[in-house]
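Novice: Below is one structure. I have some questions about it.
The values are calculated or read from the model by the stated rules, or taken from the named source; none is laboratory data. Source: prediction; values computed, not measured. As a convention, Cβ positions derive from the backbone with ideal geometry for all residues, glycine included, and neighbour counts pool all protein chains shown.
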Amino acid sequence: MIREYELKMQTAHKALAVLHAETNNLASDLENMIAELMVKHGIEGTVAEWKPGVEEEFETVSKIRFEDVDTETSERVIREGLGMKLRMILESKKGSRKKGRLVGQGFWEDVYTTGFHVDSPVAHFASVRSLLFKTGRVGEVIASGDISKAFLMADEYPSDAEPRYCYFRMYKGGPIRVWRLKGPLYGSRDSPKLWYEFFRKFMLTVGFFEQGDNEPCVFVHPVTGLIVVLFVDDIITRGMPEDTTAFYEMLNETYALRSWNILTPDQPLEHLGFTVTEEVIEGRVCRFLDQTADVRRLIRENGFDFIRRVSSPMPSKEQILKKPDVLDDDDRKWYKSLVGQMGWFAISLRWDIAHAVSRLQQFAANPTKGALEAAIRVASYLNTTADFKLGGEVKYGENQVSYYTDSDHVGDRGLGTKSHSGFIATLNGVPVHWRSRKQPKTVLSPAHAEIYALSEGVREAQLFQWIFRDMGVTLPLPITVKVDNSQCIAFVNSTCINSKLRGMIDTRESWVKELKDDNLVAVQHVRSNCMLGGLSDIDRDSVRH
């Protein structure tokens, strides 16, 4: 008996020694990985400062998503390339917090395993802005929350599904670790879809919300009227205070919320890179969106701190064409990064640079010195107007919506003969939806270009109306679109097409019939200096604070 007990103790000690060795090896490997990443990406700090956040991430993901495999399986996965490759990203957070994010490189995954259709809906920015600036009930509050490690909260893969593997070499020359993947991971091809389906199921079956048809990321409670807009794993809501609190408490019982807050004058919200604020101005409660901090970061990271101040993003269409020499590889990468960041501002908040950024994006494949100078000019304009805000007084009662369209007939000959369309929608005086894009075909007359821009505007306006309907608000018909070209009105109201347009527009096409449908569309003429189409001079004081 004594001998048997001694053998068992020896076995236990050996197992414990192996465990300690593996733990020590893992800690050492993590340190080597952090050091290599810091050198490779020029990251500031020390290994000791980054290690706690990286260790926490690795332990959390390992516990939730990894299952050890035997040596034979590990060797087969590596030999046959069956697994998804992992990588660690070092992220600096607010308050000098340092963390790691372990992500999968989904392009390594077999599409026959994940499935071909892995796309997931994402809320339209117009939905977020409309939630903030639409009219509502007295006492309603705006709140936002961030779900911690959302993709790790999604359901595990079915037990009868084909096994999925991942592997991780922490640093060059280090050992390769292989695991069976139990569920979706950040970076997996199908992780956004699986997370969305998991959250949708929760909202419909646990929260008893109703989902939007045209905006599937909008959920409305049929009893309380609480509106929820989901943007991947970021949530913003509007409703009465008690309903809002009950919702986030219910959410926190299922998911670990990193944080959630109600918007007040003393408590701004950070949501999708916006800062949402409420201010009391002359006794009136006003609500605003701004990206001042992100603009300042763009300027600082690109070395534009002392760039000169300018009052317009792109005053000359010809300037971008004056230096056609193609950039070298380093400047090409810089150009793409700079324009990509400004593109985010253009679609999320800064409607005033939408047309300029659209022109810059046309040089993405082969950027020139002239294009780079134009991009720096737009960045200078952003720096000058870094305090730009969207918003205004919180309104009650009926929503006031205005739609504008505009076009420049072959207004960019240096980049081609296609015209450009601009569209913008204002809600209670605040721009909430806009588009600036090149038309797909060359047209021969300004009237044709304006009519095509009008048709695109009607399509965008219909989408906007449908999004509002999903929020439980029906906007009136017909859709009234404001234009500065009288021929648009003549075309919509006439029974016989203008002779100059014959052979250009087929009146049998459905989009033409929609424009001529009095129950759907009404066109109103306004002076050019009153336009908000994004292509002409604009009075920004009416929409800036």
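Novice: For segment 285-319, which positions are in contact with a strand residue (DSSP E or B) (Cβ under 8 Å, 6 or more places away or on another chain) and buried (at least 17 other Cβ atoms within 10 Å of the Cβ)?
Specialist: Listed by number, the residues that qualify are CYS286, ARG287, PHE288, LEU289, ASP290, GLN291.
Novice: Here are ALA154, ALA126: which of them is surrounded by 15 or more Cβ atoms within 10 Å (Cβ to Cβ), within 16 Å of the chain's Cα centre (by Cα) and under 22 Å from PRO192 (Cβ atoms)? Give the steps one after another, and end with the answer.
Specialist: On the way: ALA154 fails: within 16 Å of the chain's Cα centre (by Cα).
Unique residue meeting the criteria: ALA126.
Novice: Same structure, new question: Inspect segment 130-139 for any residue being under 22 Å from ARG76 (Cβ atoms) and either in contact (Cβ under 8 Å) with a residue 60 or more places away in the chain or buried (at least 20 other Cβ atoms within 10 Å of the Cβ) (or both) and give the result as yes or no.
Specialist: no
Novice: Kindly indicate whether any position in segment 394-407 is modelled with pLDDT under 90 and among the basic types (Lys, Arg).
Specialist: Looking through segment 394-407, none of the residues is modelled with pLDDT under 90 and among the basic types (Lys, Arg).
Novice: Scanning segment 401-443 for residues that are touching a strand residue (DSSP E or B) at 6+ places or on another chain (Cβ under 6 Å) and of a type in the set (S, T, N, Q), which turns out surrounded by the most Cβ atoms within 10 Å (Cβ to Cβ)?
Specialist: It comes out as THR405.
Novice: Kindly provide the set of residues from segment 65-98 that are loosely packed, with under 15 Cβ neighbours inside 10 Å and β-branched (Val, Ile, Thr), ordered by number.
Specialist: THR71
Novice: Inside segment 339-363, can you point out the residues that are more than 20 Å from ARG300 (Cα to Cα), touching a helix residue (DSSP H, G or I) at 6+ places or on another chain (Cβ under 7 Å) and of a type in the set (Phe, Trp, Tyr)?
Specialist: Scanning segment 339-363 gives a single hit, PHE363.
Novice: Quick one: in segment 413-438, which of the residues that are closer than 21 Å to GLU398 by Cβ and among the polar types (S, T, N, Q) is farthest from the chain's Cα centre (by Cα)? Break it down into steps so the answer makes sense when it comes.
Specialist: We begin by selecting, within segment 413-438, every residue closer than 21 Å to GLU398 by Cβ; these are 424-433.
Right, trim to among the polar types (S, T, N, Q) and you get 426, 428.
Values: THR426: 21, ASN428: 24 Å.
Checked segment 413-438; the qualifying residue farthest from the chain's Cα centre (by Cα) is ASN428.
Novice: Shifting gears a bit: Just to be sure, is PHE116 assigned to a helix (DSSP H, G or I) and farther than 21 Å from LEU37 by Cα?
Specialist: Answer is no for this residue.
Novice: How many residues, within segment 220-243, are among the small types (Gly, Ala, Ser) and closer than 10 Å to VAL141 by Cβ?
Specialist: Qualifying residue count for the region: 1.
Novice: Touching a helix residue (DSSP H, G or I) at 6+ places or on another chain (Cβ under 9 Å), of a type outside the set (A, V, I, L, M) and surrounded by 12 or more Cβ atoms within 10 Å (Cβ to Cβ), is that true of LYS336?
Specialist: No, not satisfied.
Novice: Picking from VAL394, VAL401, VAL410, which residue would you name as being closer than 24 Å to ALA522 by Cβ and touching a residue at least 24 places away in the same chain (Cβ under 8 Å)? Spell out how you get there, then give the answer.
Specialist: On the way: VAL394 fails: closer than 24 Å to ALA522 by Cβ; VAL410 fails: closer than 24 Å to ALA522 by Cβ.
The match here is VAL401.
Novice: Continuing with the same structure: Would you tally the residues in segment 197-218 being crowded, with 22+ Cβ neighbours inside 10 Å and either of a type in the set (Asp, Glu) or not in a loop (DSSP other than H, G, I, E, B) (or both)?
Specialist: Qualifying residue count for the region: 3.
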